[in-house]
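This report refers to the structure that appears directly beneath it.
Each value in this text was obtained by applying a stated rule to the coordinates, not by laboratory testing. Given the structure is predicted, the values throughout are model-derived calculations rather than measurements. As a convention, Cβ positions derive from the backbone with ideal geometry for all residues, glycine included, and neighbour counts pool all protein chains shown.
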Amino acid sequence: MLNLKIMKKNKLKICALLMLSCLFLSSCQKEGVKVFKGDYTYKTSGNITVSIGGIPNPVKLLNQTGQMDIIDIGEDDRVMVVKTSLTGNVTSGYATIDGDQITFDPVTFNETLILLVENGTATITSRASGKIYDDNTIIINETYDGTFAGQGSFLNVTGTISGDSVLTVAERNEDD
């Protein structure tokens, strides 16, 4: 009889411990989303390489600025990210939050590139991850891969795009 009471007490302690653990883990995940959620002003810059006919051409990206909104979608560790550049281009995608880290799902977008003798459209897939600092600034490192298609001194120019030194800095906008 005494053994049965001890076993019941141990089971209750284990259940209580499991419930507390679940509560702690779920609150940590939600806290991460809360830290990132909001409106930011961003600036993106960096360098990529456009290879045409096997010849690499380094290209400095035009600085891009705009608005980035991180929206809670009701999932424990997922958010939607909508970026609107000052030129009017809009991209949207999703990201996963883990503490102070954010990992973006790959996003594909089109960009106009002007090289020395060619200009055309770049189709770029960005893979990115970042970290928030002081609940205010997100620094995002991006990797670009894609294709280039255009016309110039040679008709129907095609090539590949790569770049691993693209940086985005986003500052949280002040609430009025």
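Calculate, in nm to one decimal, what Gln101 and Lys34 gain on full extension: separation in residues at 0.36 nm each, minus their alpha carbon distance. Don't skip to the end; give the middle numbers.
Numbers: separation 67, 0.36 × 67 = 24.12 nm, distance 1.25 nm.
Answer, rounded to one decimal: 22.9 nm.
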Under a Cβ-Cβ cut-off of 13 Å, what is the net charge of the residues other than Arg127 that fall near it, where Lys and Arg count +1 and Asp and Glu count -1?
-4
Subtracting the Cα-Cα distance from 0.36 nm times the residue separation, let me have the gained length for Thr49 to Glu174 in nm, one decimal.
41.4 nm
Spacing of the two label points (7 Å from each Cα toward its C-beta) at Thr158 and Asn89, in nm:
2.2 nm
Pull out the extension gain between Ile114 and Asp69, defined as 0.36 nm times the separation in residues minus the alpha carbon to alpha carbon distance; nm, one decimal.
13.3 nm
